1. Got a sec to turn the phi values of region 107-124 into Karplus ³J(HN,Hα) couplings, 6.51 cos²θ - 1.76 cosθ + 1.60 with θ = phi - 60°, whole Hz, x for Gly and Pro?
2. For a footprinting-style exposure proxy, rank Arg165, Arg346 by other Cβ within 10 Å, fewest first.
3. With only alpha-carbon pairs counted, each pair once and no self-pairs, how large is the Kirkwood hydrodynamic radius of region 173-305 in angstroms?
4. Let me understand the chain better: what is its radius of gyration from the alpha carbons, and its Dmax, in angstrom?
5. Sort Thr153, Thr175 so the one with the fewest other Cβ atoms within 10 Å of its own Cβ comes first.
6. Grab the DSSP H runs of the chain that are 4 residues or longer, score each as -39,500 (n - 2.57), total them, divide by all residues and round the 222 nm result to the nearest 500 deg cm²/dmol.
7. Could you work out the relative contact order of region 173-305? I mean the mean sequence separation of Cα pairs under 8 Å and 6+ apart, divided by the number of residues, in percent.
8. What nm distance separates the two modelled labels at Gln229 and Glu286, each placed 7 Å from Cα along Cα→Cβ?
Amino acid sequence: MSPAAVSSPSSTSTGKIHGFAAKGKGQALEPWEYTPRPLGPHDIEIKIDHCGICGSDIHTIDSGWGPTSYPVIVGHEIIGRIVSKGDAVTDKQIGDLVGVGAQAFACHQSDCPNCSRGHDVHCPRSVFTYNQRYEDGELSQGGYAEAVRVDSTYAFKVPASLDPREAAPLMCAGTTVFTPLLHYKIKAGDRVGVVGIGGLGHLALQFARALGSKVTAFTSSEAKRAECQKLGAQHVVNINDPEQVKAAASSLDYLVVTNNSKNVDWNSLISYMDVYGQIILLAIPETELVLKPSSLLHRNIGISGSLIGGVQEVQQTLEFAAKHNVRPLIEEMPMHKVNEGIERVRSGKVRYRVVLSNPQ
Ligand SMILES: [Zn+2]
Ligand SMILES: [Zn+2]
């Protein structure tokens with residue numbers, strides 16, 4: 001906490017922030033309130049209008065990636081308006097419509113080994129939007145709530161042409177898929193595959209197509225074929241059809257993997273890659289990868305991971321999506337039905353992102 005931080009209460013009516021918290025592993029969320037950390041000079045408070053449900057939220061509720069610090073309010077696809085700001089915030093004003101993604105703080109100091117190279121996602125002092133401790137010891141709390149406080153650097157102005165509800169999933173899902181496409185400089189003509197056509201995958205198809213690449217969707221659901229084509233896929237491969245799988249061999253330069261299933265067959269994913277092909281892992285299955293090392297070596301296949309996007313990438317995601325008409329398909333639900341929304345995501349039936357909305 002900065003020494004200049006002021007201990008102002010939240011601008012909510014009670015000075016506390018009300019939300020829906022997980023209080024134990026895998027439990028339904030319950031109403032809960034907390035006293036927000038002091039509003040530092042670089043911080044803002046946002047009155048939340050919308051928050052998307054991300055798969056990471058559910059992994060955190062379930063302690064799937066290690067022990068969660070309960071109670072926790074998850075949610076990191078936040079859209080809302082600034083209701084208060086610290087004295088040092090000059091580039092944003094009260095009333096601005098902003099979005100917050102998975103990260104709420106990084107140091108952005110010139111002597112930081114990662115911020116200084118533009119890798120603020122990997123800042124040693126980085127704080128995720130929920131379930132992480134700030135240096136003052138407070139736990140970060142997310143967007144299934146009426147308000148949130150974050151460092152203003154991690155609140156991004158929402159382009160006017162975006163519907164605020166559709167902007168929500170761009171904050172995490174959107175930037176998570178667009179960041180590696182930027183990193184690998186994916187361009188017109190590159191052959192890009194997407195495995196797992198869900199919250200992330202349906203956006204990956206759109207971003208890849210908007211970049212001019214030749215897009216192939218890999219799905220186990222024949223029912224999604226027409227929708228994949230509408231989202232930008234020129235080819236759709238049903239992974240349950242051995243003939244289609246065989247025909248897709250060596251057909252890709254890049255493969256974006258968004259499928260969290262424990263049953264992903266990595267050897268067949270590798271078979272889709274042409275020589276020097278690059279597989280980009282965006283999902284975090286709660287398991288280990290099983291694959292034949294020789295299948296990578298013989299054809300110079302690479303596998304890399306990509307976490308989220310930093311400040312530059314989130315900004316680029318919003319601008320690119322606004323300009324190229326990349327739009328999440330959403331199911332909107334009232335915030336108080338959060339547990340129903342989570343069940344929709346758990347069931348795999350959501351098309352393709354649940355966005356929770358507070359009363360306007
Ligand atoms: Zn840093
Ligand atoms: Zn997320």
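Just so you know, all these numbers are worked out from the coordinates, no wet-lab data involved. Model, not experiment: these values are computed from the prediction. As a convention, Cβ positions derive from the backbone with ideal geometry for all residues, glycine included, and neighbour counts pool all protein chains shown.
1. 7, 6, 8, 5, 9, 7, x, 9, 4, 5, 9, x, 9, 5, 4, 9, 4, x
2. Numbers: Arg165 18, Arg346 14.
So the ranking, lowest neighbour count to highest, is Arg346, Arg165.
3. Numbers: mean 1/r = 0.0691 Å⁻¹.
It is 14.5 Å.
4. 20.4, 65
5. Details: Thr153 19, Thr175 28.
Placing the least packed residue first, the sequence is Thr153, Thr175.
6. Working: 10 runs with 79 residues, N = 360.
The helix-only estimate for the chain comes to -6000 deg cm²/dmol at 222 nm.
7. On the way: 248 pairs, mean separation 27.8, N = 133.
This gives 21 percent for region 173-305.
8. Distance between the two pseudo-spin positions: 3.8 nm.
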